[in-house]
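Asker: I'd like to ask you about the structure that follows.
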Amino acid sequence: MKETQIRGRTYREVFEKYAIFIAFILLCILLSVMKPMFLTPANLLLVLNQASINGILAIGVTFVLITAGIDISIGSVVGLAGVTAALCAQREIPIIPSFFMGILSGVLVGAIVGLLVTKGKLAPYIVTLGMMTIIRGVALLISGGRPISGLPAEFGYLGNKNLLGVPIPVIIFVAVAAVAYVVLMKLRVGRYTFAVGGNMYAAEASGINPNQIKMFVHLVSGGCAGLAGIILASKIITGQPNSGEGYELDAIAAAVVGGTSLAGGTGSITGTVIGALIIGVIANGLDLMGVSSYWQQIVKGLIIIAAVLLDRNKKRQ
């Protein structure tokens, strides 16, 4: 009897550990049965390409969520980064430095948010809510409220070209995920990130500086948002100041669906990647079935609510 209980508990732990992956596989099987073209190589690459920007954003916000923070300014940072890179390219600055300036603008926003949270002692939600509006206004201001177009063809390479048959945004997504996994799971700063999110006061008593960790995670989030912004701008070969609207919700949804807790202390890059793929697969499946984009927004909202409810029940257990 005891052996059965131990074995049963082990099975349950294994199921809970891989539940998100199992759900992803079952979702893919269901969609492939309903729409056989879902499993075609071209469509699968399309799903990965579409999920890459949200995946990069979700990886960045995962770091913030693990510390029990939140960042809803990343959608606006996407627009700012794209406009910054486009303006630089329009002024005949080489493409790589232009992209670098776009990413740097995201890192700068992350630094400002981090300072307001750590030194200003302000709630992350309030800070990022205000910054979301400010950054969107800055993007509109520096662009004159108009899309930045007429860019050189090279500007579109990052978002539209393939490398060995794989879209470059997908390769960047995989690279970002790999680096983030090593940082979060293998390095000391990653362990400190979990410690601050699990119990900030206990972490501080152990010699960890919570402010440094919070600053670090907001820099990561801002940098990832900047990277996502230049990829999106490169895809459309335009710096669109209104781009990225609502992207913060998709990114947070991907992280939460992937098992990152809004209460902090729990999360993984692997789970976030799968969460982003689930969001992408659902959107692609609904497109294949001809479902209205309005219904897709409702479905995404229901997914977020369901994921939060599951997380709360898990915390109670």
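The values are calculated or read from the model by the stated rules, or taken from the named source; none is laboratory data. Owing to the predicted nature of the structure, the values given are computational and were not obtained by experimental measurement. For neighbour counting, all protein chains shown are included, and Cβ atoms are generated from backbone atoms with ideal geometry for every residue, glycine included.
Asker: Any chance segment 293-312 includes a residue that's crowded, with 22+ Cβ neighbours inside 10 Å, aliphatic (A, V, I, L, M), more than 24 Å from residue 226 (Cα to Cα) and out of contact with any Ser or Thr (no Cβ under 6 Å at 6 or more places or on another chain)?
Answerer: yes
Asker: Related question: Given 259, 246, 229, which one is surrounded by fewer than 24 Cβ atoms within 10 Å (Cβ to Cβ), under 30 Å from residue 83 (Cβ atoms), within 14 Å of the chain's Cα centre (by Cα) and small (Gly, Ala, Ser)?
Answerer: Selected residue: 246, the only one of 259, 246, 229 that is surrounded by fewer than 24 Cβ atoms within 10 Å (Cβ to Cβ), under 30 Å from residue 83 (Cβ atoms), within 14 Å of the chain's Cα centre (by Cα) and small (Gly, Ala, Ser).
Asker: Given the criteria aromatic (Phe, Trp, Tyr), in a helix (DSSP H, G or I) and surrounded by 15 or more Cβ atoms within 10 Å (Cβ to Cβ), does residue 157 qualify?
Answerer: Answer is no for this residue.
Asker: Within segment 61-77, can one find any residue that is crowded, with 24+ Cβ neighbours inside 10 Å and farther than 23 Å from residue 307 by Cβ?
Answerer: Within segment 61-77, one or more residues are crowded, with 24+ Cβ neighbours inside 10 Å and farther than 23 Å from residue 307 by Cβ.
Residue by residue, here is whether (1) modelled with pLDDT of 90 or more; (2) of a type outside the set (A, V, I, L, M) holds:
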site	(1), (2)
214	yes, yes
224	yes, yes
231	yes, no
234	yes, yes
248	yes, yes
251	yes, no
258	no, yes
262	no, no
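Asker: Look through segment 104-150, keep the residues that are crowded, with 19+ Cβ neighbours inside 10 Å and touching a Pro at 6+ places or on another chain (Cβ under 6 Å), and return whichever of them is nearest to residue 88 (Cα to Cα).
Answerer: Residue satisfying both the conditions and the ranking: 143.
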